[in-house]
Amino acid sequence: MKHFLTKRLFLLLGLSLTIACSSDDEETVTITNLSFTAVASGAGNNVVTVTPSSTGGTSYSVDFGTNASDDVTVTAGPGVSYTYPEVDASYTIVVTASATDAINATSEQIVAVDFNEPIPSVLEGTWVFKHIAEAINVGPAIGSGEWFKNSLADVVTRACLFDDQFIFNADGTYANVVGESTWLEPDLNGVSEEKCGTPQAPFDGTATATWNHDDVANTITINGVGAFLGLTKLYNLSLIKTAADAKEQIIYNVVSISDDKNTLVVEIEFQSAGFFTMTFAKSGSAGASLPTTDTDGDGKLDYEDSCPTVSGTGTDGCPVVTAPTTAPSEPTLPSSDVVSIFSDAYTDLEATWNPGWGQTTASETEIIANNTVRKYTALNFSGIDFGSNKVDLTAVTTVTFDYWTPNLATLKLKLVDFGVNVDLDPKPEGVITISAPVLETWTTVTVSLSDLENITSDGKIGQLVWDGGSGSEVLYIDNLYFY
């Protein structure tokens, strides 16, 4: 029977002391005053520490009184500990004191171990990323998704990540179960783009690992090369960029644990004033599977609805909107003066359009009036990443573009300046804001770069970001270039 009572140790019976000496040899050392304390501790109250003392004794053998072969320990006097089986039982502890030229002395006590079943940690069990929008947030503060936040649609498109398991075993061991496919990233995994793919060692679940939850410091420590919680690349004040960089220990900070113990929020500061905040759900709880909600009541579930808060009859769940039937005027500037991003009139820079930064936006090209345009639907934001083809601002002074929209209330174009310090994060942004876009008409916007705050004449534009939507708007773009 296990007792769930205040930890205690019963010291039963008295101690008996046997002292031996020799009357035939006056030089024989006599050991006297042999005694010892026995103190119980540990989560289950079954770790007993024995501290012996005597007059004349220089070493002590402590027999903890079990039938096991590991229960005899030698000490010079400091306390020694033994972990008893997790059951209520009594044991006779015998301490033998020894010294050079002395006859050994012994002392014994009967110790009753009253085992307390340890209270399980709230972390014990299997966790997955919570199947919600903003389960993963990246920004300059804890909980901020300013730099990245996953959408509900990402739970489907990144299902190989949202089914990864993070297992906290009761015995202190830890395991990652990532299956046959998980989320891979170019820098860390050497792939061409972010995508699902075969897990790579040592992040493939083969790590031998342990965990510890310090509920006073509110930290979770994962020990074991290749073991991780959430994302493989995260480390304290840095990012793991190669498999050879895998760390022996990673510390995460607990932001909150829900009252029902089914939702866990942790954060890790990966750079100064740069945080990943991650939300997990315990396996088997409601948050561990896709929600079956239809917020706008249009018959399309939120996770497959490109406009989950706006009812629509379109196949994507969005309202059916009008589209342009004409093309904007073709630019006439000499190609030698232009750095083109998107235009039939010029040769465009190579770039990645609509990279996976957690947006709801879908992007594609369309032919309208024999002219290629770029169409964005379900717009909240969308990026254009130039990679190594950055726009050198020493050669240009102006940016221009044509837009057409049926329903945007605000349109923003952000120019992200990678500048000289490519490692600076967040990077400076110049923002062009059109507070009341002209609707259903092709409109040309031309802005001098010198009018944009944070953009320097010797900068290098590495990314453009369309912004201003709420997730339901449509935007057409053409003739986007610098000159």
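The values are calculated or read from the model by the stated rules, or taken from the named source; none is laboratory data. It should be emphasised that the depicted structure is a prediction, and the values quoted were computed from it without experimental measurement. Ideal geometry is used to build each Cβ from the backbone, glycine not excepted, and the neighbour counts take in all protein chains shown.
Numerical summary
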quantity: Residue list for the range 416-468, restricted to those being among the hydrophobic types (A, V, I, L, M, F, W, C) and either in a loop (DSSP other than H, G, I, E, B) or free of Cβ contacts under 8 Å to residues at least 12 places away in the same chain (or both); calculated: Phe418, Val420, Val422, Leu424, Ala436, Val438, Trp442, Leu452, Ile455
quantity: Filtered residues of the range 394-434 (kept if aromatic (Phe, Trp, Tyr) and within 24 Å of Gly274 (Cα to Cα)); calculated: Phe418
quantity: Condition met for Pro324 (modelled with pLDDT of 95 or more, of a type outside the set (Val, Ile, Thr), surrounded by fewer than 11 Cβ atoms within 10 Å (Cβ to Cβ) and out of contact with any Pro (no Cβ under 8 Å at 6 or more places or on another chain)); calculated: no
quantity: Some residue of the range 188-204 being within 17 Å of the chain's Cα centre (by Cα), in the same structural domain as Tyr174 (by TED's automatic domain parsing) and among the β-branched types (Val, Ile, Thr); calculated: no
quantity: Restricting the range 391-442 to residues that are surrounded by fewer than 20 Cβ atoms within 10 Å (Cβ to Cβ) and of a type in the set (Ser, Thr, Tyr), the residue that is nearest to Asn380 (Cα to Cα); calculated: Thr410
quantity: Residue under evaluation Phe386, criteria (1) under 16 Å from Leu349 (Cβ atoms); (2) aromatic (Phe, Trp, Tyr); (3) crowded, with 21+ Cβ neighbours inside 10 Å, criterion not met; calculated: (3)
quantity: Test: residue in the range 116-125 that is farther than 30 Å from Gln165 by Cβ and either of a type in the set (Gly, Ala, Ser) or in a strand (DSSP E or B) (or both); calculated: no
quantity: Residue selected from the range 180-195 under the condition assigned to a strand (DSSP E or B) and of a type outside the set (A, V, I, L, M), by the criterion surrounded by the most Cβ atoms within 10 Å (Cβ to Cβ); calculated: Thr182
quantity: Checklist (1) of a type in the set (Ser, Thr, Tyr); (2) surrounded by fewer than 18 Cβ atoms within 10 Å (Cβ to Cβ); (3) assigned to a loop (DSSP other than H, G, I, E, B) applied to Thr365, failing item; calculated: (3)
quantity: Qualifying residue in the range 143-159 (condition: in contact with a Leu (Cβ under 8 Å, 6 or more places away or on another chain) and part of a helix (DSSP H, G or I)); calculated: yes
quantity: Candidates Ile240, Ile257, filtered to the one that is out of contact with any helix residue (DSSP H, G or I) (no Cβ under 9 Å at 6 or more places or on another chain) and farther than 30 Å from Thr377 by Cβ; calculated: Ile257
quantity: Condition check for Leu424: touching a Ser or Thr at 6+ places or on another chain (Cβ under 8 Å) and assigned by TED's automatic domain parsing to the domain that holds Gly462; calculated: no
quantity: Unique match (being buried (at least 16 other Cβ atoms within 10 Å of the Cβ) and in a loop (DSSP other than H, G, I, E, B)) among Phe228, Phe276, Phe270, Phe280; calculated: Phe228
quantity: Thr173 vs. criteria without any contact (Cβ under 8 Å) to a residue 40 or more places away in the chain, hydroxyl-bearing (Ser, Thr, Tyr) and within 25 Å of Gly284 (Cβ to Cβ); calculated: yes
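Residues checked against (1) assigned by TED's automatic domain parsing to the domain that holds Asp385; (2) more than 21 Å from Leu161 (Cβ to Cβ); (3) loosely packed, with under 15 Cβ neighbours inside 10 Å:
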residue	(1), (2), (3)
Thr210	no, yes, no
Asp215	no, yes, yes
Thr221	no, yes, no
Thr232	no, no, no
Leu239	no, no, no
Val255	no, no, no
